[in-house]
Amino acid sequence: MVFSAVSLSFMGMLVKIASNQGVTFFEVIVFRSIIQWILTLASLLALRVNVLGPPEKRKLMVVRGAVGLVGMTCYFFSITVLPLSEAVALSFTNPVFTAILAVIMLGEVWELWDMIGAGVSSIGVVFIARPAIIFGDSATADDGSQFERFIFVCVALFGACNAAFAYVTVRKIGKGVNVLVMVNYFSLISIIGGLIGMAVTESRLDFKSEAWLPLMGIGVTAFLGQVALNRGLQLEKAARATTMNYLQIVFAFILQVTLLKQPINVWSIVGAGMITLNAVFSGVRKWRGK
């Protein structure tokens with residue numbers, strides 16, 4: 001889950017860079033998914049794994065791919081219309097949805113420490129994002145009207161809900177399916193969905209040549225992040241695994257300072273500390289078998 005968080009943090013940064021260079025979020029989805037699919041297919045063929053997976057699991061993998069596409073679309077859209085920190089923070093409301101769905105679909109028990117950890121991490125996320133809807137700061141020019149901002153936030157939350165559904169579906173599929181097979185389904189469904197989105201919005205691939213490098217990077221980091229994420233979800237309880245994935249925000253802000261050369265607020269440091277503390281505590285509990 002930690003490796004997944006690192007990879008997906010880089011991906012989020014590259015999505016923001018690509019959007020600033022005129023690439024639409026549907027175009028990002030298509031390019032990301034094509035590169036991810038090529039890498040996945042090559043890996044499956046090299047390992048001689050059936051690309052379709054077990055027949056009894058295929059419907060679940062289609063469902064995982066479809067809800068994953070919706071979640072990714074909402075997430076990428078929110079990155080393009082909201083400040084990056086707020087978009088990422090809103091996407092990390094998914095542990096709440098994950099815990100609810102895991103109880104309903106998997107019969108899992110959300111332990112007290114899981115609830116406390118998710119709560120601490122959620123507070124940390126709020127400190128990092130400092131959203132205007134909570135802290136009362138006036139919206140920036142990029143946020144548009146308050147009604148538009150409300151819609152953008154709702155889209156981001158809907159994406160988090162779908163991401164949670166995808167995570168729990170992976171748990172439902174179980175450990176008997178190679179993670180690359182699930183990524184293969186997700187990639188193909190995302191390519192189809194992205195192309196449909198481009199056709200509906202009449203995207204014309206009219207962006208700067210400098211955008212090709214971040215687009216390639218998005219595909220590679222997405223592939224690595226998806227493989228690690230699916231494997232982590234197979235090995236760990238759904239609610240705890242997604243709580244560990246909060247580390248993505250910590251790494252995202254490290255990238256913001258070191259590569260994007262943008263300062264961070266002191267509240268962001270406090271929030272990152274709370275998230276890291278919970279991640280370490282969860283890791284120690286897992287190591288001790290409690």
Would a scan of segment 187-196 turn up a residue that is over 23 Å from Ala42 (Cβ atoms), at pLDDT 85 or above and more than 16 Å from the chain's Cα centre (by Cα)? yes
Taking Ala156 as meeting all but one of (1) modelled with pLDDT of 85 or more; (2) closer than 23 Å to Val62 by Cβ, write down the number of the exception. (2)
Qualifying positions in segment 205-221 - open to solvent by less than 100 Å² (accessible area, probe 1.4 Å) and either in a helix (DSSP H, G or I) or at pLDDT 80 or above (or both): Ser209, Ala211, Pro214, Leu215, Gly217, Ile218, Gly219, Val220, Thr221
Just give me the residues in segment 99-112 being crowded, with 19+ Cβ neighbours inside 10 Å and assigned to a helix (DSSP H, G or I), in sequence order. Ala99, Leu101, Ala102
Within the set of pairs 6+ apart or on separate chains, which have a first residue in segment 49-76 that is of a type in the set (D, E, K, R), a second that is open to solvent by 60 Å² or more (accessible area, probe 1.4 Å), and C-beta atoms under 9 Å apart? Lys57/Gly176; Arg58/Leu52; Arg64/Phe165; Arg64/Lys172
Just give me the residues in segment 247-290 being at pLDDT below 70, open to solvent by 90 Å² or more (accessible area, probe 1.4 Å) and within 23 Å of Trp110 (Cβ to Cβ), in sequence order. Lys286, Trp287, Arg288, Lys290
If we scan segment 78-94, do we find a residue that is in contact (Cβ under 8 Å) with a residue 12 or more places away in the chain, among the hydroxyl-bearing types (Ser, Thr, Tyr), under 28 Å from Trp267 (Cβ atoms) and touching a Leu at 6+ places or on another chain (Cβ under 7 Å)? yes
Quick one: would you say Met244 is open to solvent by 10 Å² or more (accessible area, probe 1.4 Å) and modelled with pLDDT under 70? yes
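The values are calculated or read from the model by the stated rules, or taken from the named source; none is laboratory data. Note that this is a predicted model, so its numbers are computed, not measured. As a convention, Cβ positions derive from the backbone with ideal geometry for all residues, glycine included, and neighbour counts pool all protein chains shown. All accessible areas refer to the heavy atoms of the entire protein, side chains included, with ligands and DNA or RNA removed. Shrake-Rupley method; radii C 1.70, N 1.55, O 1.52, S 1.80 Å.
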